[in-house]
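The values are calculated or read from the model by the stated rules, or taken from the named source; none is laboratory data. Note that the coordinates shown come from a computational prediction; the quantities given were computed from them, not determined experimentally. Note that each Cβ is placed from the backbone with ideal geometry, even for glycine, and that neighbours are counted across all protein chains shown. Surface areas here come from the heavy atoms of the whole protein model, side chains and all, with no ligands, DNA or RNA. Shrake-Rupley method; radii C 1.70, N 1.55, O 1.52, S 1.80 Å.
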Amino acid sequence: MTLAELRRQLLELQHLPDNTLVVLAKDAEGNGFSPAVEAIPGMYLAETTWSGEHYQTEEQRRSEPDPDEYSAAPDDAVLAVFLWPTN
């Protein structure tokens, strides 16, 4: 899914109240759920068609107290929006 596809889907839900909870599934089979707590940009490196690694953007990494504690995103990582669950 791209950000444009997410925006289109969210537009279809604009009739819902602003306080509607956003919940993330643990996996595609629905083996658990958690409320979303945050949406942030970052870098994504796919390892398979269904899984990959999260990295900070270079700006995020450099804003850390000790940027060298964090790995820089690999050159082939792409910008992504990450939805983080409560747990």
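Just a few scattered comments:
- Residues whose amide H comes within less than 5 Å of that of residue 72, counting only those at least five positions distant or on another chain, are absent (H built at 1.01 Å from N in the peptide plane).
- Mean residue ellipticity (222 nm) of the chain, computed from DSSP H runs ≥ 4 via -39,500 (n - 2.57), nearest 500: -4000 deg cm²/dmol
- Angstrom value of the Kirkwood radius, inverse mean 1/r, which spans all Cα pairs in the chain: 15.1 Å
- Loop-exposed GluC sites (Glu not before Pro) per DSSP, neighbour cap 13 Cβ within 10 angstrom, longest uninterrupted part of the chain: 48-87
- What the phi angles of the stretch 79-84 give under the Karplus curve with 6.51, -1.76 and 1.60, with θ = phi - 60°, is a coupling list of 5, 8, 9, 10, 9, 9 Hz, glycine and proline written as x.
- With all protein chains kept in place, the per residue accessible area of the chain amounts to 82 square angstrom at a probe of 1.4 angstrom.
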